[in-house]
Amino acid sequence: MEHIKILMVDDHPIILEGYQNVLMATKQDNQTLYIDTANNCDTAVIMIERESKKYPYDVCFFDISLPGSEDGRYASGEDLALLAKRLMPRAKIVILTMFNETFRIHNIIKEIDPDGFLIKSDLTSMELADGFQQILKSPPYYSSTVSNYTKKRISSDIYVDDINRKILHLLSQGVKTKSLNEYIDISTSAIEKRKKQLKILFSIEDGKDESLLKEAREKGYL
């Protein structure tokens, strides 16, 4: 018997219930699934840190858009995926998201390199079931939108890394630039440099933080 321990993180309980029902209904006869769920970053961090010390998860599913942690350290499913990869290096990481822009897909593949990457608008019960089995046996598994992107992958090596995402998240929460180093362990001058790079990357002509945040939201980073 193959025992598979799973963590699913999404801020919509009805979606989590649907995922669980599909996997339980379509699992192979020799598979036993143990599924934990979380609706936000704080709960997910507790589960990942606790279980990594005892019985690590075999597969982790992360939605990208999640309520951030209260301490500001974790702002999205990307942050959780990076934590899971660090604490449970053998776990299969699966990203599920509504974001389907090539720029966003590029960033997730570049930073996380997930074992599974599913765009929710592509997803059917059968695709989730088939994808899950392939992720277990022969990853990676990409849904159609991601597969099409990888075939004509953009050449740009510029992407929004973990620190830049935290800067964007904190600015969107109203934290002033001069106070960002209270949450991120780099100097104010380094933060200013990163902000300038972000404004160039997002083609912000007026130089305003408000314009940067607006563009970041439209591209799915907030």
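Laboratory data are not the source of any read-out in this text; all were calculated from the coordinates shown. None of the values given here were measured: they were computed from a predicted structure. Note that we place each Cβ from the backbone using ideal geometry, even for glycine, and neighbour counts take in every protein chain shown.
Provide Rg over Rh for region 25-151; use the alpha carbon set for both Rg and the Kirkwood Rh (inverse mean inverse pair distance).
0.95
Which entries in the list Lys92/Lys120; Lys27/Lys219; Lys92/Lys219; Lys5/Lys120; Lys92/Lys193; Lys85/Lys208 go over 29 Å, if you measure between the two C-alpha atoms of each?
Lys27/Lys219; Lys92/Lys193; Lys85/Lys208
What are the ³J(HN,Hα) values, in whole Hz, obtained from phi via the Karplus relation 6.51 cos²θ - 1.76 cosθ + 1.60 with θ = phi - 60°, for each residue of region 174-180 in sequence order, with x given for Gly and Pro?
x, 6, 6, 4, 5, 9, 4
Under the rule a/c < 1.5 gives rounded, and otherwise a/b versus b/c splits prolate from oblate, where does region 7-46 land using the Cα gyration tensor?
Judged from the Cα gyration tensor, region 7-46 comes out oblate (a/c at least 1.5, b/c at or above a/b).
Rounded to the nearest Å, what's the spacing between the alpha carbon centres of region 50-128 and region 187-222? Just the number, please.
Region 50-128 and region 187-222 have Cα centres spaced 24 Å from each other.
Based on Cβ point charges of +1 for Lys and Arg and -1 for Asp and Glu, what charge dipole magnitude is obtained for region 164-222 about its Cα centre, in debye rounded to the nearest 20?
Dipole about the Cα centre, nearest 20: 100 debye.
Can you compute 3J(HN,Hα) from phi for each residue in region 199-206, using the Karplus curve 6.51 cos²θ - 1.76 cosθ + 1.60 with θ = phi - 60°, rounded to whole Hz and x for Gly and Pro?
5, 5, 4, 8, 6, 8, 7, 8
Within the chain, what's the longest run with no trypsin sites (Lys or Arg not before Pro) in a DSSP loop and at most 10 other beta-carbon atoms within 10 Å? Give the range, please.
That gives 91-151 as the longest site-free run.
How many nm separate the modelled label positions at Arg50 and Met1, each set 7 Å beyond the Cα in the direction of the Cβ?
It is 2.4 nm.
If I stretch the segment between Lys110 and Lys214 completely, what's the gain in nm (0.36 nm per residue apart, minus their alpha carbon distance), one decimal?
Working it through step by step, the gained length comes to 35.1 nm.
What does the charge count near Asp63 come to, summing +1 for each Lys or Arg and -1 for each Asp or Glu among other residues with Cβ under 13 Å from its Cβ?
Here the count lands on -3.
Please list the radius of gyration and Dmax for region 74-123, considering alpha-carbon atoms only, with Å as the unit.
10.8, 30
Quick one: what are the phi-derived ³J(HN,Hα) couplings along region 9-15, Karplus 6.51/-1.76/1.60 with θ = phi - 60°, whole Hz, x for glycine and proline?
So the Karplus estimates, Gly and Pro as x, are 10, 7, 8, 10, x, 5, 5 Hz.
Mind listing the long-range amide H neighbours of Thr37? Cut-off is under 5 Å, sequence gap 5 or more, other chains count too, H placed in the peptide plane at 1.01 Å from N.
Result for Thr37 returns Met8.
What nm value, rounded to one decimal, do you get for the distance between Thr150 and Val175 when each label is placed 7 Å out toward the C-beta?
3.4
For the chain, with only Lys/Arg (+1) and Asp/Glu (-1) charged at the beta-carbon, what is the dipole magnitude about the Cα centre, in debye rounded to 20?
Charge dipole, the chain, about its Cα centre: 620 debye, nearest 20.
List the residues, sorted by chain then number, that are 5 or more residues from Lys92 or on another chain and whose placed amide H is less than 5 Å from its amide H.
Residues meeting the criterion, in which the H sits 1.01 Å from N, are Val59, Cys60.
If I model region 162-218 as equal point scatterers sitting on the Cα atoms and use the Debye formula, what is log10 I(q)/I(0) at q = 0.29 Å⁻¹?
The Debye formula, applied to the Cα set alone, gives -1.36.
When only alpha-carbon atoms count, how far does the chain stretch along each of its three principal axes, as whole angstroms with the largest first?
Per principal axis, max minus min of the Cα coordinates gives 59, 39, 29 Å.
Can you give the net charge of the other residues whose Cβ lies under 15 Å from the Cβ of Ile46, counting K and R as +1 and D and E as -1?
Here the charged neighbours net out to -3.
Can you tally the net charge around Lys208? Count Lys and Arg as +1, Asp and Glu as -1, for every other residue whose Cβ sits under 10 Å from the Cβ of Lys208.
-2
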